[in-house]
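K.L.:
Quick one: structure below, then a few questions.
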Amino acid sequence: MKNRILLILLLLVTVLSFGQRKYAADRYFKEYAYKKSAELYETIYKKGDKTYLVISRLADSHYFNVAFDKAEQWYEELIKNYPSIVSSEHIFRYAQTLKSNGKIKDSDQWMLKLKDLGENDSRAIALEKNKDYFVEYTNKEKTFINIHNLSSNTTYSDFGGFIYEDSFYFASTRPDAENKKIYQWNNQPYLNIYRSELNRLEEDKGLDVSLSNKVASLSTKYHESNAIISKNGKMMYFTRDNYDGNKLQSDKNRTTHLKIYSAEKIYETWGNVKELPFNSDQYSTGHPALSSDEKTLYFVSDMPNGYGGTDLYKVSIDENGNYGFSREFRLNNKYRRTRDVSICRRRQSIVFFFQWTFRIRSIRYI
């Protein structure tokens with residue numbers, strides 16, 4: 001009897017421990033802590049839970065952290081175990097993972113399978129119309145450019161560069177005395193905006209930068225990135241977490257979204273930070289870019305009634321700095337596909353990057 005009770009208690013502890021681990025993995029996944037969720041889901045899988053949810057979230061955790069070798073392994077496992085019910089989104093992610101790993105033909109074959117699901121999927125349709133896209137791309141006349149690794153780069157994330165006169169602004173997760181809080185998605189500190197002085201290299205006519213300094217007047221304990229500056233140098237637009245200075249704000253599902261803010265140059269300091277009026281607690285807006293005449297602000301958003309994922313939007317700016325807003329400011333559908341888009345800013349043009357399509361298009365505004 002005593003041994004039986006001990007066995008029952010041992011089983012109960014095991015079940016409770018397993019359940020707690022599963023609960024923690026689900027919570028980390030929903031909170032975008034993909035590094036941690038990947039570790040926990042793999043442990044759960046090895047303990048014998050090989051359900052669709054566990055394998056798909058294990059694959060997705062690696063996919064969202066750009067660990068494509070591991071993502072490929074687990075998407076293969078998902079499709080092998082659940083070939084009849086695998087979702088179109090997981091097939092799509094598997095195809096993108098294969099492409100990222102250099103397996104172009106395999107990727108295209110899986111992308112075309114989206115049509116077999118009976119959906120009018122624009123991604124498969126686009127590939128059918130342009131099956132030779134990769135050959136066309138690789139057969140283009142070669143262009144040789146000099147790529148210089150800036151001295152400001154670190155082992156952390158450094159991106160989102162913008163040049164204004166002799167200044168170079170960018171976002172970085174590099175730690176400092178005030179930036180030690182860890183973002184659980186990638187186990188790096190939160191993003192801040194940095195500024196460096198440009199140095200012109202005489203030997204190859206390239207550019208480098210001097211010592212980088214954080215733009216402290218814009219810094220919070222959460223994310224700031226993707227700064228752009230008006231031609232007169234008096235107005236900055238940037239992306240920030242939905243943070244009101246006291247706490248993070250969130251939607252009904254407790255998800256914190258991104259918002260676009262403006263800042264004014266007051267003497268030598270950026271201040272008077274304001275949230276733009278078309279932001280919302282219910283969806284994200286970010287990646288601002290100005291047209292060359294600075295009468296239009298372009299941005300990316302996942303607001304409702306889009307085409308899927310993030311879409312491109314534009315809003316007018318009048319001479320008094322007021323922002324127009326209407327449902328008609330979405331860019332023409334001919335420039336859109338099914339998934340996410342992003343923006344690269346240039347001084348004389350804006351290049352819109354269409355992620356997950358079979359061409360990179362640019363729309364130039366002079």
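K.L.:
Between Asp49 and Ile145, how many nm apart are label points set 7 Å from Cα along the C-beta direction?
P.N.:
For Asp49 paired with Ile145, the spin-label model returns 4.6 nm.
K.L.:
Next up: Give me the net charge for the shell around Glu39: Cβ to Cβ below 15 angstrom, other residues only, Lys and Arg +1, Asp and Glu -1. Can you show the working numbers first?
P.N.:
Values: positive: Arg21, Lys22, Arg27, Lys35, Lys36, Lys46, Lys47, Arg57, Lys70; negative: Asp26, Glu31, Glu42, Asp49, Asp60.
Local charge sum for Glu39: +4.
K.L.:
Asn246 to Ala216: extension gain in nm, 0.36 nm per residue of separation minus the Cα-Cα distance? Let's see the in-between values first.
P.N.:
On the way: separation 30, 0.36 × 30 = 10.80 nm, distance 1.72 nm.
Extending this stretch completely gives an extra 9.1 nm.
K.L.:
For a quick check: with amide H placed at 1.01 Å from N, whose amide H comes under 5 Å from Met235's, ignoring anything fewer than 5 positions away on the same chain?
P.N.:
Ser230, Lys265
K.L.:
If you don't mind, there's one more thing I want to ask. Do the alpha carbons of any pairs in Lys131/Lys295; Lys36/Lys80; Lys46/Lys247 sit beyond 29 Å of each other, and which pairs? The partial results should precede the final answer.
P.N.:
Values: Lys131/Lys295 39 Å; Lys36/Lys80 25 Å; Lys46/Lys247 38 Å.
Distance filter (> 29 Å) returns Lys131/Lys295; Lys46/Lys247.
K.L.:
Mind checking Rg over Rh on the stretch 150-189, alpha carbons, Kirkwood formula for Rh? If you can, show how the numbers build up before the last one.
P.N.:
Numbers: Rg = 11.7 Å, Rh = 11.4 Å.
Result for the stretch 150-189 is an Rg/Rh of 1.03.
K.L.:
Considering the Cα positions of the stretch 65-214, please state its Rg to one decimal place and its Dmax as a whole number of Å.
P.N.:
Rg then Dmax for the stretch 65-214, in Å: 21.3, 61.
K.L.:
Okay, moving on. Sort Ile260, Ile125, Ile79 by accessible area with a 1.4 Å probe, largest first.
P.N.:
Details: Ile260 0, Ile125 50, Ile79 20 Å².
Solvent-accessible surface, decreasing: Ile125, Ile79, Ile260.
K.L.:
Heavy atoms only, probe 1.4 Å: what % of the accessible area of the stretch 240-304 goes to carbon and sulfur, would you let me know? Before the final figure, lay out each step's value.
P.N.:
Working: 1370 of 3290 Å².
Taking all protein chains in place, the stretch 240-304 shows 42 percent carbon and sulfur surface.
K.L.:
I'd like to know which of Gly245, Thr220, Asn232 lies farthest towards the positive end of the charge dipole of the stretch 114-245, counting +1 on Cβ of Lys and Arg and -1 on Cβ of Asp and Glu.
P.N.:
Gly245
K.L.:
What order do Asp176, Asp208 take when sorted by accessible area (1.4 Å probe), most exposed first? Walk me through the numbers before you get to the answer.
P.N.:
Details: Asp176 45, Asp208 25 Å².
From most exposed to least exposed: Asp176, Asp208.
K.L.:
Rounded to the nearest 10 Å², what accessible area does Glu275 show when all protein chains are kept and the probe is 1.4 Å?
P.N.:
Counting only protein heavy atoms, Glu275 exposes about 90 Å² to solvent.
K.L.:
Using θ = phi - 60° and the Karplus relation 6.51 cos²θ - 1.76 cosθ + 1.60, list the HN-Hα couplings for the stretch 70-76 in order, rounded to whole Hz, with x at every Gly or Pro.
P.N.:
For the stretch 70-76, the Karplus curve yields 6, 4, 4, 4, 7, 5, 4 Hz.
K.L.:
Using unit Cβ charges (K, R positive; D, E negative) and no other charged atoms, how large, in debye to the nearest 20, is the dipole of the stretch 69-139 about its Cα centre? Walk me through the numbers before you get to the answer.
P.N.:
Details: 11 positive and 13 negative charges, 8 e Å.
About 40 debye.
K.L.:
With every protein chain left in place and a probe of 1.4 Å, what is the accessible surface of Glu89, to the nearest 10 Å²?
P.N.:
The accessible area of Glu89 comes to roughly 50 Å².
K.L.:
Does the stretch 57-127 classify as rounded, prolate or oblate by the C-alpha gyration tensor (a ≥ b ≥ c root eigenvalues; a/c under 1.5 gives rounded; else a/b over b/c gives prolate, otherwise oblate)?
P.N.:
On the way: a/c = 1.90, a/b = 1.32, b/c = 1.44.
Here the stretch 57-127 falls in the oblate category.
K.L.:
Further question on the same structure: Would you mind working out the magnitude of the charge dipole of the stretch 119-273 relative to its Cα centre, with +1 at each Lys and Arg C-beta and -1 at each Asp and Glu C-beta, to the nearest 20 Debye? Before the final figure, lay out the partial values.
P.N.:
On the way: 21 positive and 22 negative charges, 121 e Å.
It works out to roughly 580 debye.
K.L.:
Spelling out what I want: for every residue of the stretch 90-95, take phi, set θ = phi - 60°, compute 6.51 cos²θ - 1.76 cosθ + 1.60 (Karplus), and round to whole Hz; glycine and proline get x.
P.N.:
Whole-Hz 3J(HN,Hα) from phi for the stretch 90-95: 6, 5, 4, 5, 5, 4.
K.L.:
Testing the spin-label approximation: label points 7 Å from Cα along Cα→Cβ at Glu89 and Ser291. State their distance in nm.
P.N.:
The two pseudo-label positions are separated by 3.4 nm.
K.L.:
Separate question: Calculate how large, on average over all directions, the projected area of the Cα convex hull of the stretch 161-244 is; give the answer in nm² to one decimal.
P.N.:
6.8 nm²
The values are calculated or read from the model by the stated rules, or taken from the named source; none is laboratory data. Since this is a predicted model, take the numbers as computed values, not measurements. So basically every Cβ, Gly included, is an ideal-geometry build from the backbone, and we count neighbours across all protein chains shown. Quick note on the areas: whole protein, heavy atoms, side chains included, nothing else; ligands and nucleic acids left out. Shrake-Rupley method; radii C 1.70, N 1.55, O 1.52, S 1.80 Å.
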